[in-house]
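In what follows, a structure is listed as structure tokens, so that the remarks can point back to it.
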Amino acid sequence: MELSKIIVSFFVIHFLLFQSPIYAAPGNSNIFREYIGAEFNNVKFSDVPIHSGVEFHFILSFAIDYTMSSSSPSPTNGQFNVFWDTDNLTPSAVSAIKNQHSNVKVALSLGGDSVGGSSAYFNPSSVDSWVSNAVSSLTDIIKQYNLDGIDIDYEHFQADPNTFAECIGKLITTLKNNGVISFASIAPYDDDEVQSHYKALWKSYSQVIDYVNFQFYAYDKGTTVSQFMDYFSTQRSNYEGGRILASFGTDGKRWIITRKRIFHSV
């Protein structure tokens with residue numbers, strides 16, 4: 001779904017999580033994650049309150065393997081460029097927020113819904129060439145910005161699910177093996193094409209994926225508590241053994257989570 005919000009947040013619901021020993025990113029079990037930078041609304045890291053009792057992840061949105069042309073961006077087969085708000089979310093800003101808060105980590109998200117007003121497609125020429133280009137270009141960006149992880153948020157595809165799984169799975173595996181990142185997440189939502197690609201990735205490479213940032217905020221605004229519980233249970237089955245994070249957006253729809261109940265407020 002289009003990220004038409006200033007911030008989208010994800011967090012752990014402890015009592016719903018299916019606990020599994022495959023989690024690859026140990027640390028504080030309280031996780032709060034925020035996407036930031038996609039809408040160029042001058043939001044800075046320092047604008048966001050950070051609770052010291054959670055592991056807090058900012059996710060820079062987005063790095064996209066498209067050219068930087070303002071008129072007609074085109075795919076670059078894994079050669080990523082930065083498309084987030086670089087005026088406010090700079091390498092020095094990343095270092096500053098991490099120095100101020102020891103519980104903060106910063107990642108980047110790949111893909112997103114659109115680029116230059118058109119859909120941003122996952123469009124590799126081949127698995128090997130895409131992975132090679134992606135590892136090289138993302139390593140440069142991650143080191144420049146002193147980042148800790150990556151998030152996968154492709155939502156449109158010009159490749160079959162197996163090709164997507166192999167490209168993304170090998171990318172995450174290589175970046176982890178090279179010590180470039182310490183965690184990785186995926187951000188699917190409830191769409192048949194999207195789910196087919198991410199479930200193929202999960203089937204083959206779940207062992208290298210630390211969080212599932214499922215886009216629960218993409219469901220209807222009138223979703224009831226019982227419906228949400230059903231949605232969560234369904235996605236827990238789809239991504240069995242995964243660390244599934246609940247989510248809300250700041251566009252007028254938000255989920256309030258307590259230990260005992262989920263309230264939907266408008």
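Tabulated values for the structure
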quantity: Fully extended contour minus Cα-Cα distance, from Asn162 to Asp87, at 0.36 nm per residue; calculated: 23.3 nm
quantity: Segment 32-116, accessible surface, carbon-and-sulfur percent (1.4 angstrom probe); calculated: 46
quantity: For segment 83-109 versus segment 203-232, the gap between their alpha-carbon centres in whole angstrom; calculated: 26
quantity: Long-range tail of P(r) for segment 126-225 (Cα pairs > 24 Å, %); calculated: 25
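The values are calculated or read from the model by the stated rules, or taken from the named source; none is laboratory data. Just so it is clear, the model here is predicted, and its values are computed rather than measured. Remember, those area values only see protein heavy atoms, side chains included, never the ligands or the DNA or RNA. Shrake-Rupley method; radii C 1.70, N 1.55, O 1.52, S 1.80 Å.
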